[in-house]
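The values are calculated or read from the model by the stated rules, or taken from the named source; none is laboratory data. If you're wondering where the values come from, they're calculated on a predicted model, not measured in any experiment. Every residue, glycine among them, receives a Cβ derived from its backbone with ideal geometry; neighbour counts consider all protein chains shown. For accessibility, only protein heavy atoms count, side chains too; no ligands or nucleic acids. Shrake-Rupley method; radii C 1.70, N 1.55, O 1.52, S 1.80 Å.
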Amino acid sequence: MIVDFGGELEEVITREEFPLEKARKIYKDETISFLGYGSQGPAQSKNARNQGFKVIIGQRKYDGKKVSKNWKKALEDGWEPGKNLFSDLREASSRGDTVAMLTSDASSYEVWQTISNGLEEGNLLYFSHGMPLIFGGITPPKNIDVGMIAPKGAGAGLRDMFKRGTGTNASFALEQDFTGNLRDRVLAMGRAIGTGYVFGNTMGLEVVEDHHGERNTLLASAGAVAQSAYMRACASGMNRRDAFIYTSEQLTQVILPIIGAEGAKGIYDRAQAAGKAHIVAEMQKIISGATVDINDNLYKSCSSGNEARIALESNNLPGYRDQLKGELDKLNTKDIWKTGFDVRGMNIDRTYGLKIENWELTGAMLGLIDSQYACLTSNGHRLSACFNETVEELTQCLNPKFYQDSGCSGLIGVCSTTAQRGALDWLPQFERVISAAWPEKVVGSDVLQGYSPTNVWTVGEIVRGLRPENQAK
């Protein structure tokens, strides 16, 4: 269907338009080879297996001299060596009609060198991220199809939403149509892996907005605004547990769920009823304005390929995985996240009645959303993708499954190493900007008389209506 996203017409494919039976028919006599069992591989392959698709896994057995944790995970998930689990990636790829490149970004080029000569004419080379093709040095031959389904969320979130009967939305891209059947094959893959609906994009646009989102509201700036608010609360005299509840818990348990369910209107309806709309509006304006420059700098770093270069070079350093683990462990030693561990262990109602108490933080989060969305739209990205990379992925996948349960490092830790590198680099930069801009006292103008949705929230209302659970109503 063609959907009007606040003045921009885009193509969206829902489950009703492309039913599961159609996808099964397209893949009736074909095999999907998923290469890599790290971030996306487990979720996509298990969802496809659960829905009756023929699936095999390619995952190297050894990491150095030790059996890799991904191989062990594949065994735990019921994949059988020599039957549907292969350590030789070339063999795994040669057995598939669709070859899904889900290995890490850092290893994608080396894997491509291993498997490329084994691809047959008419195979589909499938990606779930634009980086290997756009910045990773991969050049596919002309006699195969090339396409992408990019789920808007970490693999574990894709699996979790599938098990709950809903689905993560995703973008799709048709990069090279050799067979003339690329569109149906890619859309069938979207159904196979359990997406909720898919919207059109290109791999070149996807990789930039994905990197930008990970380093901003999806991971880095969301953690930064919580840390900044927590430090202010502690400095005001609050004890640590109360400060954590007033900041991080407010953000993850109250503010983001309301935004996810009702958008900014839900926030302002509550703010007006409480006589706090002027505080929300003023903080939204302050933080939105303060983060324009850092958003622009981040965008330039993403679009130029600099963020991809940093991630690839870092991942290829000796001992980098241990270094990355050390950085995540160090993040856990911050006072806010140590306190969070204690709070999450308390026997309390962590929904807090969905009552907003921290109106300044609420406005700050809306300001971050405004700034990121404006940056992406001004650089020509499609409106649905901009909302998904700014709000939808955070509120529907990352926050409910990870941020609420395991804090900032837990959230970052489930993502790809590319996302982890970027989030860890940009989180402190966003925290410095936010902390510097946060006023000692928020005054603002008179209480707002009504809520007028900006483009981001007009788009958000349409996106919420496309969720599978809302389409069924």
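Could you give the accessible area per residue of the chain, probe 1.4 Å, as a whole number in Å²?
Working: 18770 Å² over 473 residues.
Heavy-atom accessible area per residue stands at 40 Å².
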ask   = If one puts a single equal scatterer on every Cα of the stretch 237-367 and applies the Debye formula without solvent, what log₁₀ I(q)/I(0) results at q = 0.21 Å⁻¹?
value = -1.15
query = Looking at the stretch 3-47, which trypsin sites (Lys or Arg not before Pro) are DSSP coil and have at most 16 other C-beta atoms within 10 Å of their C-beta?
reply = Lys28
task = Mind ranking 151-160, 260-269, 218-227 by how tightly packed they are, going by the mean number of other C-beta atoms within 10 angstrom, highest first?
result = 218-227, 151-160, 260-269
inquiry  = I'd like the distance between the alpha-carbon centres of the stretch 364-399 and the stretch 1-75, rounded to an integer number of Å.
reply    = 25
message = I'd like the accessible area for Tyr246, computed on protein heavy atoms only with a 1.4 Å probe and all protein chains in place. Round to 10 Å², please.
response = 80
Protection proxy ranking of 363-374, 78-89 - average other beta-carbon atoms within 10 Å, highest first = 363-374, 78-89
task = Show the residues, 5+ positions off or on another chain, whose built amide H is closer than 5 Å to the amide H of Gly200.
result = Glu11, Phe172
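For the chain, what's the relative contact order in percent, using C-alpha pairs closer than 8 Å and at least 6 residues apart? Let's see the in-between values first.
Values: 814 pairs, mean separation 94.0, N = 473.
Across the chain, relative contact order equals 20 percent.
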inquiry  = Nearest 10 degrees is fine. How inclined is helix 306-315 to the longest principal axis of the chain, computing both from alpha carbons?
reply    = 70
ask   = Which aspartates and glutamates does Lys22 reach when only Cα atoms under 16 Å apart count, and residues fewer than 8 places away in its own chain are ignored?
value = Glu30, Asp184
query = Setting aside same-chain residues fewer than 8 positions from Lys46, which aspartates and glutamates have a Cα under 15 Å from its Cα?
reply = Glu76, Asp77, Glu80, Asp160
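Using a 1.4 Å probe on the protein heavy atoms, what percent of the accessible area of the chain belongs to carbon and sulfur? Please list the in-between numbers first.
Details: 9150 of 18770 Å².
Roughly 49 percent, rounded to a whole number.
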ask   = In deg cm²/dmol and to the nearest 500, what is the mean residue ellipticity at 222 nm of the chain if only DSSP H runs of at least 4 residues count, each as -39500 (n - 2.57), divided by the residue total?
value = -15500 deg cm²/dmol
query = Where does helix 404-413 land angle-wise versus the long Cα axis of the chain, in degrees 0 to 90, nearest 10?
reply = 60
request  = Evaluate the relative contact order of the stretch 2-201 (contact order divided by residue number), counting alpha-carbon pairs under 8 angstrom at least 6 apart; express in whole percent.
outcome  = 25
Three principal axis lengths of the chain [C-alpha, angstrom, descending] = 66, 50, 43
request  = For Lys330, go through the lysines and keep the ones whose alpha-carbon is under 28 Å away, minus same-chain ones fewer than eight residues off.
outcome  = Lys65, Lys66, Lys69, Lys72, Lys73, Lys152, Lys338, Lys401
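Order of 299-310, 164-175 by packing, highest average Cβ count within 10 Å first?
Values: 299-310: 17.8, 164-175: 21.0.
Descending packing order for the listed peptides: 164-175, 299-310.
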